[in-house]
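The values are calculated or read from the model by the stated rules, or taken from the named source; none is laboratory data. Quick caveat: nothing in here was measured; it's all calculated off a predicted structure. Counting neighbours? That spans all protein chains shown, and the Cβs are built from the backbone with ideal geometry, glycine included. Remember, those area values only see protein heavy atoms, side chains included, never the ligands or the DNA or RNA. Shrake-Rupley method; radii C 1.70, N 1.55, O 1.52, S 1.80 Å.
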Amino acid sequence: MINEEIERRRTFGIISHPDAGKTTLTEKLLLFGGAIQSAGAVKSNKIKMHARSDWMEIEKQRGISVATSVMGFDYNKYKINILDTPGHQDFAEDTYRTLTAVDSVIMVIDCVKGVETQTEKLMEVCTMRKTPVISFINKMDREGRDPFELLDEIETKLNINVRPLSWPIGIGKSFKGVYNLFTESLILFEAKKKEIEEGVVIKDLSDERLDKLIGKSAADQLRSDVELIDGVYPPFSKEEYQVRDIVPVFFGSAVNNFGVKELLDCFVEIAPTPLARETDDFKIEPAQKDFSGFIFKIHANMDPRHRNRIAFLRVCSGKFNRGNNYLHSRTKKSMRFSNATAFMAQDRETIDEAWPGDIVGLYDTGNLKIGDTLSDKDIGTFKGIPSFSPEIFKEVINKDAMKTKQLEKGLSQLMEEGLAQLFSFELGNKKVVGTVGILQFEVIQYRLKHEYGATANFVSTNLYKACWISSKDPQKLKSFISSKSRHIAKDKDGKLVFMAESKAWLGMVMDNFPDIEFHFTSEF
Ligand code: G4P
């Protein structure tokens with residue numbers, strides 16, 4: 001039973017630079033799964049979510065979505081879980097964490113703009129984690145760049161090897177369709193078409209039907225393109241894709257619902273099933289009997305009147321049963337969740353059980369943190385949910401001494417949600433909040449005020465990086481800490497962090513203290 005459930009699951013994230021078409025593609029995928037009935041539903045759902053909670057007003061005004069949501073649906077025999085990620089780069093940390101909960105990724109690229117900055121950053125995380133990636137080159141109905149040139153750019157900028165699995169016939173106004181190299185069939189383009197037709201199977205490109213269908217010159221062009229592809233790119237291998245040695249590429253137009261079905265049909269066939277995951281001491285295979293999972297996201301205050309939070313749990317092994325008691329690894333306490341939800345498209349519904357690869361929403365009143373493990377047996381903590389050094393640091397200044405407690409509580413809860421990182425200095429009780437983008441400070445300030453009644457200002461500091469420190473020699477670490485005490489802080493878990501003021505200075509300190517190890521993520 002468990003093996004069957006694992007076999008049919010595909011849990012993945014869609015990543016892109018904002019505006020490349022991630023939302024549109026997600027929506028079309030949901031339409032195929034019958035999870036939504038009409039186009040526009042995903043976007044309008046986002047807007048409703050904004051309206052529901054006030055603090056999101058900030059993001060709404062800026063026209064971006066920060067909510068990472070989960071959409072599950074059935075497609076043929078498969079159960080698909082899409083983990084949506086915020087496109088805005090200020091929320092990159094949220095996206096990085098979501099990527100720890102997926103088994104593969106679809107990367108959307110705009111054929112006019114090519115590889116953009118956010119795509120590069122996100123791919124670095126995928127590379128670090130060796131996550132298998134399929135690329136979808138979108139907006140082929142626009143006058144985009146030459147496909148070979150795009151593939152070259154993807155290979156050089158993202159440092160990966162690609163293999164096209166579909167090939168466009170023309171582009172922009174002359175876009176006629178794609179030839180699906182995976183199934184060896186031709187799919188003709190028609191803007192905004194509703195019905196998806198099966199492609200015409202043409203195994204041999206010298207087939208005269210090709211000339212009839214797309215015209216002689218386009219057919220000849222396709223023949224020579226495909227010959228070139230077979231000459232230049234290695235043959236496709238599912239194994240190589242699954243270990244991230246090769247990135248298959250599809251072309252299409254999400255808004256026109258073109259090329260999406262080809263992508264989905266190939267995806268379910270080749271994408272990995274829920275993978276084994278490692279804890280500090282064990283390798284946890286999904287099919288093992290004992291349940292285990294970890295929290296990768298906490299979404300707080302969906303309704304500001306109740307301070308409830310939803311913790312997103314990725315099931316790693318065994319079967320999750322609502323109402324069972326599970327061990328909370330950090331506190332060693334037993335916890336029971338009678339209120340668990342599954343995310344099916346836009347709706348949340350109470351579920352009784354979930355399988356590896358599934359995401360479960362657990363209602364929480366403040367006991368869970370990102371990275372926490374829940375399991376039948378004590379297996380320690382799952383690896384691979386690190387904090388990264390933030391890029392912007394600001395000192396927290398309490399503006400209302402009467403509300404100090406509220407400020408502390410608010411800050412600590414917002415940090416547990418993973419909105420930003422808090423560094424508490426050893427000396428002087430100074431607190432510094434670190435983020436990836438500037439937008440979080442506004443969100444934190446707003447939420448502190450509206451949800452906790454605390455007023456805080458954020459003052460710029462001249463910090464450059466937070467480096468987690470360790471040493472094989474405890475004595476050396478101790479003397480380093482005392483000589484640099486003004487620059488030593490603790491992170492949310494009490495880990496020691498060296499707060500460097502500039503790149504040059506950090507380099508000097510690293511040279512002067514060769515026995516101290518400096519780490520740029522919290523997991524080492
Ligand atoms: P994102 O989530 O990656 O930020 O992108 P999103 O799907 O919101 O798409 C960004 C814009 O690109 C949208 O236009 C969308 O309609 C358009 N788009 C998506 N796929 C295609 C495509 O295949 N071809 C063309 N030509 N456009 C595409 P918008 O004007 O910003 O929004 P909307 O009013 O159309 O919804």
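With an 8 Å cut-off on Cα pairs and a minimum separation of 6 or more residues, tell me the relative contact order of the range 278-375 in percent.
About 34 percent, as a whole number.
Need one number: nm distance between label points at residue 442 and residue 510, each 7 Å from Cα along Cα→Cβ, rounded to one decimal.
Between residue 442 and residue 510, the label points sit 3.4 nm apart.
Between residue 332 and residue 238, take the C-beta separation as r, use R0 = 30 Å, and let me know the FRET efficiency to the nearest 0.05.
0.10
Let me check something: with ligands and nucleic acids excluded, how do 244, 209 order by accessible area (1.4 Å probe), largest to smallest?
Largest to smallest exposure gives the sequence 209, 244.
Which percent of the accessible area of the chain is formed by carbon and sulfur heavy atoms (probe 1.4 angstrom)?
Working: 11000 of 22700 Å².
The C+S portion of the solvent-accessible surface of the chain is 48 percent.
Based on the alpha carbons, how large is the Rg to Rh ratio for the range 392-519 when Rh follows Kirkwood?
My calculation puts Rg/Rh at 1.01.
Pull up the DSSP beta bridges for the chain and report the antiparallel fraction as a percent, rounded to 5.
So the antiparallel bridges in the chain amount to around 75 percent.
Normalised by the residues of the range 359-451, what does the relative contact order come to in percent, with Cα pairs under 8 Å and at least six apart?
28
Using alpha carbons only, how many degrees (0 to 90, rounded to 10) separate the axis of helix 474-483 from the longest principal axis of the chain?
Result, in degrees: 80.
Quick one: compute a quarter of the convex hull surface over the Cα atoms of the range 278-375 and quote it in nm².
On the way: hull surface 24.7 nm².
Average of the hull's projected areas for the range 278-375 equals 6.2 nm².
Mind pulling the angle between the C-alpha long axis of helix 404-416 and the longest principal axis of the chain? Nearest 10 degrees, somewhere in 0 to 90.
With both axes taken from Cα atoms, the answer is about 30 degrees.
With the cut-off at 32 Å, report for the chain the share of all Cα pairs above it, as a whole percent.
Distances greater than 32 Å cover 47 percent of the Cα pairs.
Can you tell me the accessible area per residue over the chain, all protein chains present, probe 1.4 angstrom, in square angstrom?
43
Which of the pairs 157/503; 289/377; 431/490; 283/383; 176/212 have their Cα atoms more than 18 Å apart in this structure?
Beyond 18 Å: 157/503.
Which of the aspartates and glutamates could a cross-linker span from residue 261 if the Cα-Cα distance has to be under 13 Å and same-chain partners fewer than 8 positions apart are dropped?
Qualifying aspartates and glutamates at Cα under 13 Å: 27, 195, 197, 198, 269.
Compute the normalised compactness of the range 471-524: alpha-carbon radius of gyration over 2.2 N^0.38 Å, N being the residue count.
Normalised Rg, Cα atoms only: 1.08.
Any chance you could look up the accessible area of residue 404 with a 1.4 Å probe, heavy atoms only, rounded to 10 Å²?
In the full protein context, residue 404 sits at about 50 Å².
For the chain, take the longest principal axis of its alpha carbons; what is the angle in degrees between that and the long axis of helix 503-512, to the nearest 10 within 0 to 90?
60
So for 412, 460, what's the accessible-area order with a 1.4 Å probe, most first?
Numbers: 412 50, 460 85 Å².
The ranking, largest first, comes out as 460, 412.
With an 8 Å Cα cut-off and a minimum separation of 6 or more residues, compute the relative contact order for the chain in percent.
Across the chain, relative contact order equals 14 percent.
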